[in-house]
Amino acid sequence: MLEINSAALSARILPEAGGGLAGFDWHGRGESIPLMRRYEPSSNSPGQPIDPNRLACYPLVPWSNRIDNCGFEIDGRWIALTPNREGERWPIHGSGWQRAWQVQLHTASEVRLSLCESSATAYSYLATLHYALHDDALQVDLTVTNKGLATMPFGLGLHPFFPRHGDVRLLAPAPQVWVNDGQSPLPVDCIAVPTSWDFRNERVLPGEGLDHAFPNWTGDAAIHSDVDGVPRSQHGAGGLLDYPHYTRPAEFRGAAVPEVLMGGDHAAVRKWRREQQLRKTLRNRPDLLEGAALSDWDLKVLARLRAEMLS
């Protein structure tokens, strides 16, 4: 187990257990308060592999959620995937959460891990996972690179677990939700969020479980509980929708990766990504712009984009 610390925070990482978090605590009151669920080793099965679903958080790579039909077709090829969790009929959450990651860096406040996966018939990729503690936040960066010769769809994410105390309240702005048919967890229809699932305003969690995907979520969330009085918050794309992501090949089905992303000018890349965030948000969720922190440059770009939409 690797441990990192800042002035008031600590985190514990298990590279051998999917690179997941075993704990993330706050020490601001002279006591240790878990901000995420702590991993507690089982006394009933010593020496057994660690179940990532008992951790505080683990990575989802090279895809997240479930894949129907145990595979998919792309460019005339069938990519077969095997169910990988006991009791699940479908492959779920990729492979990274079930692999041992390699330690590339470990300092007092950060850990960097890597995972290289190779398959002749499915996913070959290189993933990196970076944990860094700042004064008041834990930053987690997850990346994936297609190392195979063929085009493949990729996805990635994080699977956090938070303690639920009493009437915990959640703020997580999303206008829609994918619902299932009641027979399986696979989505069948995208609808407007029902009132009891509408977390665009802070709301007490419903009593029943929720296992659904909420599209057009901003990536920001806040959790409040009166038990320990410590709010938790997650920040994604700064209140805006995310920019496009690209992987190999450089050209696919007539669409090419923008040249700016290939040129090595990091400042130009940052500007391009920010403009894409603004463009996507303006087109799909203009309401998010009202409360977003926008620079003078952002406002000039938005004015140009609005003019383009009207022309």
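The values are calculated or read from the model by the stated rules, or taken from the named source; none is laboratory data. Just so we're clear, the structure is a prediction, and the values are computed from it rather than from any experiment. Virtual Cβ from ideal backbone geometry, glycine too; neighbours counted across all protein chains shown. Areas reflect the complete protein model, heavy atoms only, side chains present, ligands, DNA and RNA absent. Shrake-Rupley method; radii C 1.70, N 1.55, O 1.52, S 1.80 Å.
Please specify each residue of segment 287-311 satisfying the condition of being open to solvent by 70 Å² or more (accessible area, probe 1.4 Å) and part of a helix (DSSP H, G or I).
Answer for segment 287-311, where residues must be open to solvent by 70 Å² or more (accessible area, probe 1.4 Å) and part of a helix (DSSP H, G or I): Asp287, Glu290, Gly291, Asp296, Trp297, Leu299, Lys300, Arg304, Arg306, Glu308, Met309, Leu310.
Can you tell me how many residues within segment 134-156 are out of contact with any Phe, Trp or Tyr (no Cβ under 9 Å at 6 or more places or on another chain), within 20 Å of Arg232 (Cβ to Cβ) and in a strand (DSSP E or B)?
1
Output the strands (runs of 3 or more DSSP E) that fall wholly within segment 160-221 and possess 3 or more residues being more than 20 Å from the chain's Cα centre (by Cα), or say none.
187-192
Under the condition of being in a strand (DSSP E or B) and free of Cβ contacts under 8 Å to residues at least 60 places away in the same chain, which residue from segment 111-122 is nearest to Arg12 (Cα to Cα)?
Result: Arg112.
Going residue by residue through segment 207-223, is there one that turns out to be at positive phi and at pLDDT below 90?
As a first pass, look at segment 207-223 and keep what is at positive phi: 216, 219.
Filter once more, keeping what is at pLDDT below 90: 216, 219.
Yes, segment 207-223 has at least one match.
When residues of segment 269-286 are filtered for being farther than 15 Å from Pro244 by Cα and surrounded by fewer than 17 Cβ atoms within 10 Å (Cβ to Cβ), how many remain?
1
Run Pro52 past the list (1) touching a Gly at 6+ places or on another chain (Cβ under 6 Å); (2) modelled with pLDDT of 95 or more and report the number of the one that doesn't hold.
Against the list (1) touching a Gly at 6+ places or on another chain (Cβ under 6 Å); (2) modelled with pLDDT of 95 or more, Pro52 comes up short only on (2).
Enumerate the pairs (first residue in segment 259-281 and closer than 18 Å to Arg306 by Cα; second residue anywhere and modelled with pLDDT under 85 and open to solvent by 90 Å² or more (accessible area, probe 1.4 Å)) with beta-carbon separation below 6 Å, excluding pairs fewer than 6 apart on the same chain, so at least 6 apart or on different chains.
Matching pairs, first to second residue: none at all.
What are the residues in segment 16-28 that are open to solvent by 10 Å² or more (accessible area, probe 1.4 Å) and assigned to a loop (DSSP other than H, G, I, E, B), if any?
Glu16, His27, Gly28, listed by residue number.
So which residues in segment 81-129 are of a type outside the set (Gly, Ala, Ser), over 21 Å from Gly155 (Cβ atoms) and touching a strand residue (DSSP E or B) at 6+ places or on another chain (Cβ under 9 Å)?
Residues satisfying the conditions are Gln102, Val103, Gln104, Leu105, His106, Thr107, Glu110, Val111, Arg112.
Taking segment 123-150 as the region of interest, how many residues are buried (at least 19 other Cβ atoms within 10 Å of the Cβ), farther than 25 Å from Ala11 by Cβ and among the aliphatic types (A, V, I, L, M)?
Residues in segment 123-150 being buried (at least 19 other Cβ atoms within 10 Å of the Cβ), farther than 25 Å from Ala11 by Cβ and among the aliphatic types (A, V, I, L, M): 0 in total.
Go through (1) open to solvent by 60 Å² or more (accessible area, probe 1.4 Å); (2) at pLDDT 75 or above; (3) in contact with an Asp or Glu (Cβ under 8 Å, 6 or more places away or on another chain) for Gln234 and report which single condition fails.
Every listed condition holds for Gln234 apart from (2).
Of all residues in segment 83-109, which are at pLDDT below 95 and open to solvent by 80 Å² or more (accessible area, probe 1.4 Å)?
Across segment 83-109, the qualifying residues are Arg85, Glu86, Gly87, Arg89.
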